[in-house]
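The values are calculated or read from the model by the stated rules, or taken from the named source; none is laboratory data. Just so it is clear, the structure is predicted and the values come from calculations on it, not from any experiment. Cβ placement follows ideal geometry from the backbone for every residue including glycine, while neighbour counts extend to all protein chains displayed. Keep in mind that these areas ignore ligands, DNA and RNA; they rest on the heavy atoms of the full protein, side chains included. Shrake-Rupley method; radii C 1.70, N 1.55, O 1.52, S 1.80 Å.
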Amino acid sequence: MGIVLKQSLNNTIVTYVGFAIGAINTLFLYTNFMQPDNYGLIQVILSVSAVLMPILAFGVPNSLVKFYSGFKSEESQNSFLTLMLLLPLALIIPIAALSYVTNEAIGNLLSKQNDIVRDYVWHIFLIGFAMAYFEVFYAWARIKMKSMFGNFMKELFCRIGQTALLILLWMKIIDIDFFINALVGFYLVRALIMKFYAYKIRKPLLNFTLPKNWKTIVNYSALIILGGSTAIVLMEVDKVMLNNFLELENVAFYAVAGFIASTIAVPSRAMHQITYPLTANYLNNNDKPALAQLYKKSSLTLFIVSGILFLLILLNLNELYQLLPEKYSGGFMIVFWVGLAKVYDALLGNNNSILFNSDYYRSILFFGVLLAFLAIAFNLWLIPTYGIDGAAIASFSAFFIYNTLKIGYVKSKFKMIPFTRETLQVLLLLISIAAIFSIVSFPFHPIVNIILKSILMIVCYVGALYRFKISEDVYGFLSKFLKR
């Protein structure tokens, strides 16, 4: 337990540091050191690569974690690990061959609106390939309870690389073509380093004998492709499709606004490291009362945190945009809709872990694929009509339907919902805070204004939570803190 706790804490710290570096890159370095159309091009390359990644990985990262512990002898483990190393090639090789043969057709598809994207088909494939095998080797390390180095490489390595490249670009030591090629190199090197680290932990001895349950493993891997693709498509499809309808600079504007809104999801990522194993334990022990309580408590806690983050961002957005180049300042509606989707996602609590750790994971994976198609349909409809705001509305609509149906599905199978009377109380409190501070402004520098308003909002919000004891967990935490 000590190892798990220590690594969870370290991983959380690394995640926050990585997010901070990403914020510096996205909000200040990219916006000031690179032209919007070039930044938009990089966002398209990375987004399409991310969509491609779960397909090329063939579900192997999840299969490694799920099945490895079931192999007891070293010979059977070697057989299983050999299969895991080679299985992604079953899709990588034919997709690479198809890309070579139809390179021009793929280029035409990606460059309907922006012709420059045509030249980067292989960059997209190589980054997708590197992302896929990085996840394979990261999972290889995690099955041996070694996750800290992999998390460092995942969250920090390429972000630090981008920081260095942006500074070199600003100093005119490199040009944009070198920047993009070097970015591909960073992803490839990251995968190679992760490979050496994974092999150091558990050196593979190739054994081409198929495991006895290889059909089960392959079927599960193929099914996980659907689940992984769904999550990535829902997150990245808006930027990919903006490229097909609008100028590349709009992808850059959308990416900056989307990143600002995505900060709302950071606490959820930290909490899920704790709630996922707890949920699995309650499900395995069939402890439905404890599961229902965790469902409600995780939902309320994440709603309390994500709700105030949403308001802090939204009510300080004008001041924040004063710190960025003026061309990036038109993203209020993007932040609103994407942020609202993140709040609703947080409101679900540990809903995802309930579904994926239960016997119903197959149906929810296929169900998610349908929702990914719905997201694409919304983008096809709304982007031509409302531009970049349409992409944000499309993302919110897809997530709203997806999450609402997941709540209904858990209710139908487990007879429980995440909402309580306290959920409504928090909602009313957030509305009150928004109404009061939407008319509050200060005549100081934007940074000073952001700090002042944020402190006042947090004091009022936390004070009300403590005074009315809306959440037992929050009240208990604040009581201990105040006693100290």
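Given the alternatives (1) 35, 31, 22; (2) 36, 26, 24; (3) 50, 30, 23, semi-axes √(5λ) of the Cα gyration tensor in Å as computed for this entry is given by (1). Of the accessible area of the chain, computed with a 1.4 Å probe over protein heavy atoms only, carbon and sulfur atoms account for 67 percent.
Can you give me the C-alpha center-to-center distance between the range 77-150 and the range 446-471, rounded to a whole angstrom? So the two Cα centres are separated by 45 Å. Think of the range 193-339 as a dipole: +1 on every Lys or Arg Cβ, -1 on every Asp or Glu Cβ, centred on the Cα centre; then among Y295, L246, L278, L278 lies furthest on the positive end. Comparing I201, A164, A97 along the charge dipole axis of the chain, the residue lying farthest to the positive side is I201, per the Cβ-charge model.
Computed with a 1.4 Å probe over protein heavy atoms only, the accessible surface of the chain comes to 48 Å² per residue. For the chain, the membrane-span-like helices by this rule, meaning whole DSSP H stretches whose C-alpha atoms cover at least 20 Å of axis and whose Kyte-Doolittle mean is 0.5 or above, are 2-24, 36-57, 121-142, 176-201, 214-245, 248-262, 288-315, 332-347, 361-386, 388-414, 421-437, 446-468; this says nothing about an actual membrane. Cross-link pairs exceeding 29 Å in C-alpha to C-alpha distance, out of K146/K406; K239/K415; K72/K200; K215/K297; K66/K411, comprise K146/K406; K239/K415; K215/K297. Whole Å is fine, so just give me how far the alpha carbon centre of the range 183-258 lies from that of the range 259-325. Centre-to-centre distance over Cα atoms comes out at 24 Å.
With K and R counted +1 and D and E -1, the other residues having a Cβ less than 15 Å from that of S268 yield a net charge of +3. Dipole size of the range 422-484 about its Cα centre, with +1 on Lys/Arg Cβ and -1 on Asp/Glu Cβ: approximately 260 debye, rounded to the nearest 20.
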